[in-house]
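A short worksheet on the structure shown next.
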Amino acid sequence: MTASTTLDAPPATRTRGSDFADLSRRVTAAGLTRRRPGFYTVAIAATIGALAATWVAFALVGDSWWTLAVAAAMAVATTQVAFLGHDVGHRQVFRTRRPSEISGLLLGNLAIGLSFGWWMDKHTRHHANPNHEDEDPDVGAGVLAWTPEQAAERRGRAGRWLARRQAYLFFPLLTLEGLNLHVASGLAIRRTPVRHRTAEAVLLLLHAAAYLTAVFAVLSPGKALLFIAVHQGLWGVYMGCSFAPNHKGMPIIGPGQRLDFLRKQVLTSRNVRGGRVVDVLLGGLNYQIEHHLFPSMPRPNLRRVRPVVREYCAELGLPYTETGLLTSYRLALAHLNSVAGRPDQQPT
């Protein structure tokens, strides 16, 4: 299977526009859109408890090289908090805006130093037009080129060198993603219209002050810097490895191409096979097709709705993409090579 680039044309359909309505009626009738307060009560307690436990372990271990192992555990806990913030942002936890926003600010800005308002704006635009060359910020021009046009626009020796080797640099670059999220959050507060700007700024500053004070108060300067590097680096890798399988290497919608909601979400998304361990490790994002079709559906319902969606896609003759985790990475890397003009190079 080769990396996908752009959709040649929208697949034929019988009653475009009514297809998703039919699916939605089936899903609603099965009770799969109902809230799961019990699940999220346990999830919130366990996730916040895990993050707090890593800080307790940090204090108990003290100024020791073993603190780097704590940093790795903290990276896992931080990512799980981010997953919970993702669910809150989609109103999977609370139906109304106010508790969702308050929880999002506490989980995002205060707990992990990520602007909830900036992320919500970016992620909402992604959900509206996934893998759309002009409208999805996740495939916009940046460090990596996601389309041949983006790769061709690279100027200078460094830009062309990076584009041709981007597949090999993908995972190493993820170690900087944590830092990038913090910087982007700070810049968003200053430069873009963010709802609750003052509250977001205060909470981000509180997070930064508490984090840096704790690390440098307990550890020697050298160990403190290494702790931060390991924690933030592994957080970036975990986040990137959780989101990369979802759309990378799937068809990109070019300018002027228009698809109905069902096909726009299904054709650009990829599920990752696996059991409940994978569900936990990827925060439910392994059911990306179902999540994009029903973004407010509580995370534990995604596994249950999967066979309904898959069967419905089969009825319509609509491709439903699902792979193993390692295969999803291989396809994403193959896509990066393909757009850079190196389709025969397959990183392993």
**Message:** Beyond 17 Å, how much of the Cα-Cα pair distribution for region 221-348 remains, as a whole percent?
**Reply:** 64
**Request:** May I ask for the angle, rounded to the nearest 10°, between helix 37-61 and the longest principal axis of the chain, with both axes built from Cα atoms and the value confined to 0 to 90°?
**Result:** 40
**Complete:** The extension gain from Glu153 to Gln257, computed as 0.36 nm times the residue separation minus the Cα-Cα distance, is 35.3 nm
**Asked** Which one, [x] 39, 24, 21; [y] 33, 26, 23; [z] 33, 26, 19, gives semi-axes √(5λ) of the Cα gyration tensor in Å as derived from the coordinates shown?
**Response** [z]
**Prompt:** Taking region 80-142, which trypsin sites (Lys or Arg not before Pro) meet the DSSP loop condition and have no more than 10 other C-beta atoms within 10 Å?
**Reply:** Arg95
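Kindly rank 104-114, 26-36, 291-301, 144-154 from highest to lowest mean number of other beta carbons found within 10 Å of each residue.
In descending order of packing, they fall as 104-114, 291-301, 144-154, 26-36.
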**Item:** Nearby lysines by direct alpha-carbon distance to Lys264 (threshold 17 angstrom, same-chain neighbours under 8 apart not counted)
**Value:** Lys248
**Request:** Could you state the orientation-averaged shadow area of the convex hull built on the Cα atoms of region 160-310, in nm² to one decimal?
**Result:** 13.3
**Sequence-distant aspartates and glutamates (8 or more away, or on other chains) whose Cα lies within less than 17 Å of Lys223** = Asp63
**Asked** Can you sort Trp55, Trp118 by how many other beta carbons sit within 10 Å, fewest first?
**Response** Trp55, Trp118
**Message:** Tell me the angle of helix 67-89 to the major Cα principal axis of the chain, expressed in degrees between 0 and 90 and rounded to the nearest ten.
**Reply:** 50
**Fill in**
Computed over the chain: longest principal axis from alpha-carbon atoms vs helix 325-339 long axis, angle to nearest 10 degrees, is 80
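The numbers here are math on the coordinates, done by the rules we state, and not lab data. Nothing here was measured: the structure is a model prediction, and the numbers come from that model. Here the Cβ is made from the backbone with ideal geometry for all residues, glycine too, and neighbour counts use every protein chain on show.
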